[in-house]
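Q: Mind having a look at this structure? Questions to follow.
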Amino acid sequence: MYDGASPEQRGVLRFMTAGSVDDGKSTLIGRLLYDSKGLMRDQIAAISKAKHARADDGEIDLALVTDGLESEREQGITIDVAYRYFSTPRRAFVIADAPGHEQYTRNMVTAASTAEVAIILIDASRIVGKGLKSQTRRHAAIAKLMGLDVIVAINKMDLLDWSEAAYTEIKEGFERIARTLDIAPLAYVPISAKSGDNVARRGAAAWYVGPPLLDILESVPPRSTKVNVAFRFPIQRVARWGETDPDARRGYAGRVEGGAVRIGDSVLAAPSLLPAVIRDIRTFDGSISEAVTGQSVTLVLDRDLDLAHGDTLASPDVTVAKSVTADLCWLDTQSWQRGRRYLLRQGARTTHAVIDQIHFVREVTELAAVTDAAELHLNDIASVRVKALEPLIADLFDNAPATGAFVLIDPVTHQTAAAGMIREAHDPSPHGASVEASYEI
């Protein structure tokens, strides 16, 4: 129920759409923007005159709101990730329209990396009696991988005369996927993105007693209330002022990626685990007593430490490790082979790493765990053991998404090879082996 809070008080919800080609993702986003008055009159006029519009006479092709590239409009598919902003009296939203084609799965991972909720769209008219598509299974697996809440929107129900039997068949099919992946969808919603039924307003389907899609989005709790957020502050820049002042100090500039910090708090510098105390918190407008998640500030410590871009200031609970188990989504057209070295980037820090072991690869058709895989191919989802040359912050992704993730980069082609989410740290310091120990990679 609406509590009267402003959008600023409720926080911004970042969500994405995912689904197979032509499931209606771009049309759904266009419908949300149109019905929430998020489109200007000149935008509506331009879309109405677009040469690649595929709507019937007198209708607007709402998919063109986000499909801005000429190649997208010519082919009628989404290629790049498109972001749009809109708000209602209850909340503000940032939408990411991700491509549905398997070739562009890496762009879907990009969209998921900043989202909190995934709307998995299913075209009911093409699924009934045939089973869910492999791309729908892959998108569900990626949503689980990235820790997103899931809403299942069963689209184009108007083409099936709003058949409750068809809705139930598709819902039961996705529930089998959800049980395998340990996903608990927030809701299943029968919709027609083209007509707007059950998107921003109640419409057809008298048998559906749940709220429309927009009402569900407005009620999703912000991520900050669902994770255990410890203080994390990746250093972007080291500043020094007052060179002639005997009390001159270094300042460490960056953005608070998790938790909060106050003057007088004890912190550790990772990965060295050197201790310090926050002496001052500075902004462009002067000193403040506390900085919270999302704020860009300069932190001044009570002592000079040899820190640089890529180091992290953290609360005393931080641990580091050189070996972690992680879930990966392989994004490179060049397959992984044993012994191949990569650059691992965690936050602003880069080190060398290897994939030491594949625990399993998630087979998309039945979502079974294949334990004898010897390679990783484009779009594969796998659980692996990674060994790094230098210590990593051993945050688990479920607890600290900002610092519990990393990417692997091919040092030759400079392509992003994989996105990784840390699930377990092996022998973490300071409780385990000394951070001075080194793996041979």
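The values are calculated or read from the model by the stated rules, or taken from the named source; none is laboratory data. Keep in mind that this is a model prediction, so the values were computed, not measured. Here the Cβ positions follow ideal geometry from the backbone for every residue, glycine too, while neighbour counts run over all protein chains shown.
Q: Collect the residues in the stretch 293-322 that are crowded, with 16+ Cβ neighbours inside 10 Å and outside any loop (DSSP other than H, G, I, E, B), keeping them in residue-number order.
A: Correct list: Val297, Thr298, Leu299, Val300, Leu301, Thr312, Leu313, Ala314, Val320, Ala321, Lys322.
Q: Going residue by residue through the stretch 367-375, is there one that turns out to be loosely packed, with under 15 Cβ neighbours inside 10 Å and either among the aromatic types (Phe, Trp, Tyr) or over 26 Å from Ala143 (Cα atoms) (or both)? Break it down into steps so the answer makes sense when it comes.
A: First, pick out the residues of the stretch 367-375 that are loosely packed, with under 15 Cβ neighbours inside 10 Å: 368-372, 374-375.
Next, from what is left, pick out any that are either among the aromatic types (Phe, Trp, Tyr) or over 26 Å from Ala143 (Cα atoms) (or both): none.
No, that holds for no residue.
Q: What are the pairs with Cβ atoms under 9 angstrom where one residue, in the stretch 155-167, is aromatic (Phe, Trp, Tyr) and the other, located anywhere, is surrounded by 16 or more Cβ atoms within 10 Å (Cβ to Cβ) and part of a helix (DSSP H, G or I)? Sequence gap at least six, or different chains.
A: So the pair list comes out as Tyr167/Ala124; Tyr167/Met157; Tyr167/Leu160.
Q: Check Thr283, Thr325 and return the single one that is in contact with a His (Cβ under 9 Å, 6 or more places away or on another chain) and either under 14 Å from Arg255 (Cβ atoms) or surrounded by 15 or more Cβ atoms within 10 Å (Cβ to Cβ) (or both).
A: So the residue among Thr283, Thr325 that is in contact with a His (Cβ under 9 Å, 6 or more places away or on another chain) and either under 14 Å from Arg255 (Cβ atoms) or surrounded by 15 or more Cβ atoms within 10 Å (Cβ to Cβ) (or both) is Thr325.
Q: Quick one: which of Gly129, Gly147 is among the small types (Gly, Ala, Ser) and more than 30 Å from Ala402 (Cα to Cα)? Walk me through how you get there before you give the answer.
A: Working: Gly147 fails: more than 30 Å from Ala402 (Cα to Cα).
On inspection, the qualifying residue turns out to be Gly129.
Q: Here is a further query. For residues in the stretch 259-268 being β-branched (Val, Ile, Thr) and buried (at least 20 other Cβ atoms within 10 Å of the Cβ), which is farthest from Pro391 (Cα to Cα)?
A: Val261
Q: I'd like the full set of residues that are of a type outside the set (Val, Ile, Thr) and within 11 Å of Asp280 (Cα to Cα), limited to the stretch 252-267. Full working, then the answer.
A: Of the residues in the stretch 252-267, the ones of a type outside the set (Val, Ile, Thr) are 252-255, 257-260, 262, 264-266.
Of everything in the stretch 252-267, those that are of a type outside the set (Val, Ile, Thr) and within 11 Å of Asp280 (Cα to Cα) turn out to be Tyr252, Arg262, Gly264, Asp265.
Q: How many residues does the stretch 23-39 hold that are within 23 Å of the chain's Cα centre (by Cα) and assigned to a loop (DSSP other than H, G, I, E, B)?
A: 2
Q: Let me ask something else. Name every residue in the stretch 182-200 that is in a strand (DSSP E or B) and either within 30 Å of Asp398 (Cβ to Cβ) or among the β-branched types (Val, Ile, Thr) (or both), in order of residue number.
A: Ala187, Tyr188, Val189
Q: Quick check on the stretch 333-355: of everything there that is hydrophobic (A, V, I, L, M, F, W, C) and either modelled with pLDDT of 95 or more or assigned to a strand (DSSP E or B) (or both), which residue is surrounded by the fewest Cβ atoms within 10 Å (Cβ to Cβ)?
A: Keep residues of the stretch 333-355 that are hydrophobic (A, V, I, L, M, F, W, C), which gives 336, 343-344, 348, 353-355.
This time we only want the ones that are either modelled with pLDDT of 95 or more or assigned to a strand (DSSP E or B) (or both), so: 336, 343-344, 353-355.
Details: Trp336: 25, Leu343: 16, Leu344: 25, Ala353: 27, Val354: 21, Ile355: 24.
Among them, the one singled out is Leu343.
Q: From Ile216, Ile119, Ile183, grab the single residue that is crowded, with 19+ Cβ neighbours inside 10 Å, modelled with pLDDT of 90 or more and farther than 24 Å from Ala326 by Cα. Full working, then the answer.
A: On the way: Ile216 fails: crowded, with 19+ Cβ neighbours inside 10 Å; Ile183 fails: farther than 24 Å from Ala326 by Cα.
Exactly one of Ile216, Ile119, Ile183 is crowded, with 19+ Cβ neighbours inside 10 Å, modelled with pLDDT of 90 or more and farther than 24 Å from Ala326 by Cα, namely Ile119.
Q: Out of the stretch 232-253, which residues are of a type outside the set (D, E, K, R), modelled with pLDDT of 90 or more and out of contact with any Ser or Thr (no Cβ under 7 Å at 6 or more places or on another chain)?
A: Within the stretch 232-253, Gln236, Val238 meet the criteria.
Q: Residues Ile358, Ile381: which one is surrounded by 19 or more Cβ atoms within 10 Å (Cβ to Cβ) and touching a Cys at 6+ places or on another chain (Cβ under 6 Å)?
A: Details: Ile358 fails: touching a Cys at 6+ places or on another chain (Cβ under 6 Å).
Unique residue meeting the criteria: Ile381.
Q: Please enumerate the residues belonging to the stretch 265-284 that are under 16 Å from Thr319 (Cα atoms) and not polar (S, T, N, Q).
A: Kept after step one, since they are under 16 Å from Thr319 (Cα atoms), are these residues of the stretch 265-284: 266-276.
Answer for the stretch 265-284, where residues must be under 16 Å from Thr319 (Cα atoms) and not polar (S, T, N, Q): Val267, Leu268, Ala269, Ala270, Pro271, Leu273, Leu274, Pro275, Ala276.
Q: Take the conditions among the polar types (S, T, N, Q), within 22 Å of Ala308 (Cα to Cα) and out of contact with any Gly (no Cβ under 9 Å at 6 or more places or on another chain) and apply them to Ser335. Does it pass? Give the derivation first.
A: Working: among the polar types (S, T, N, Q): yes; within 22 Å of Ala308 (Cα to Cα): no; out of contact with any Gly (no Cβ under 9 Å at 6 or more places or on another chain): yes.
Against the criterion (among the polar types (S, T, N, Q), within 22 Å of Ala308 (Cα to Cα) and out of contact with any Gly (no Cβ under 9 Å at 6 or more places or on another chain)), Ser335 does not qualify.
Q: Could you list all residues from the stretch 356-373 that are under 21 Å from Val109 (Cα atoms), part of a loop (DSSP other than H, G, I, E, B) and either hydroxyl-bearing (Ser, Thr, Tyr) or touching a Leu at 6+ places or on another chain (Cβ under 8 Å) (or both)?
A: Passing the criteria: Thr365, Leu367.
Q: Restricting attention to the stretch 269-280, which residues are surrounded by fewer than 21 Cβ atoms within 10 Å (Cβ to Cβ) and under 18 Å from Asp395 (Cα atoms)? Spell out how you get there, then give the answer.
A: Restricting attention to the stretch 269-280, the residues satisfying the condition of being surrounded by fewer than 21 Cβ atoms within 10 Å (Cβ to Cβ) are 272-277, 279-280.
Across the stretch 269-280, the qualifying residues are Ser272, Leu273, Leu274.
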